Structures are given as C-alpha cells and as structure tokens.
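What follows draws every value from the coordinates through simple rules; no lab data is involved. Keep in mind it's a predicted model, so treat the numbers as computed, not measured. Every residue, glycine as well, gets a Cβ built from its backbone with ideal geometry; the counts of neighbours run over all protein chains shown.
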Amino acid sequence: MGKFLESIMGRSAPPRQDDYMDLDLSTFEGATHDEPASMYVKVAQITDIKDTPRVKDEVYNGNLVVVDITRLKLDKIMYERVLKDLREVANDVNGDIIGLGEQQYVIITPMSVRISREKIGGL
C-alpha cells in the first residue's frame with residue numbers, strides 16, 4: 001500500500017513533505033467542462049461547530065464531502081458534537097459516513113452512495 005494510503009488508513013507514520021512528488025495537473029485544473037456534474041467531491045476542514053452547516057449543505061445538495069477533522073480532536077466535546085451532526089446528515093439523506101486515518105478524516109456521502117469497508121490490496 002502506498003505511503004499516502006497507509007497514513008490515511010493509519011498503518012504508518014504521517015508522510016513527510018519529501019515523501020511527495022509534484023504532479024503536473026495544469027491540464028486538469030484549467031479544463032472547463034460544458035456540462036455540470038451530477039455529484040461533486042468536496043473537501044472541507046472543520047475546526048468548530050460553526051463550520052458544520054456548509055458541510056451539511058453540500059451533502060444535502062448531493063455532494064460527497066471529505067472532511068479534515070484533525071483540529072477537532074483537541075476538544076473532545078466539540079469533536080463528539082460535530083460527529084453527531086455529521087452522522088445525522090448522512091442518516092437524513094440515506095447516505096454513508098466513515099472515518100479514515102485514525103479519525104483524521106471523515107467521508108460523508110449523499111443518497112444512494114455507500115462506502116465499502118473492504119480494503120483493496122495491500123492488506
């Protein structure tokens with residue numbers, strides 16, 4: 001399993017800056033698509049309960065959201081409140097929710113999207 005996936009799945013120490021290599025993604029970043037997508041993958045960071053409404057709105061709008069909750073772990077009460085809110089939104093839309101990387105990230109899916117708990121390769 002690659003170092004990035006190992007760090008997300010909690011199998012090794014977090015990657016260092018020199019563990020990454022630069023990829024030229026300029027052709028993708030500048031590309032325009034004529035038709036809108038039916039679902040987007042959004043990335044968010046929650047540091048406080050005030051950050052949850054935007055994440056919840058994205059899930060209610062049918063988007064998959066990957067949330068960095070690393071800073072929340074400093075406040076156990078806030079951490080539990082936010083996770084409760086995120087579980088409720090996943091339940092409301094008949095979606096799914098899972099924690100990754102020793103609970104550093106949470107993925108919340110919209111309706112009809114399920115997250116497999118089965119790992120692919122490198123077990």
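Given R0 = 25 Å, the distance between the Cβ atoms of VAL43 and ILE77 translates into a calculated FRET efficiency of 0.50. With the convex hull of the Cα atoms taken as the outline of the stretch 39-118, the averaged projected area works out to 4.8 nm². Sparsely packed loop sites in the stretch 33-123 (the trypsin sites (Lys or Arg not before Pro) outside DSSP H, G, I, E and B with at most 14 other Cβ atoms within 10 Å) comprise ARG114, ARG117, LYS119. Spin-label pair ASP57-GLN103: with each label point 7 Å from Cα along the Cα-Cβ axis, the two points sit 2.8 nm from one another. Based on the Cβ-Cβ distance of ASN91 and ILE120, what FRET efficiency does E = 1/(1 + (r/R0)^6) give at R0 = 30 Å, to the nearest 0.05? Calculated transfer efficiency: 0.70.
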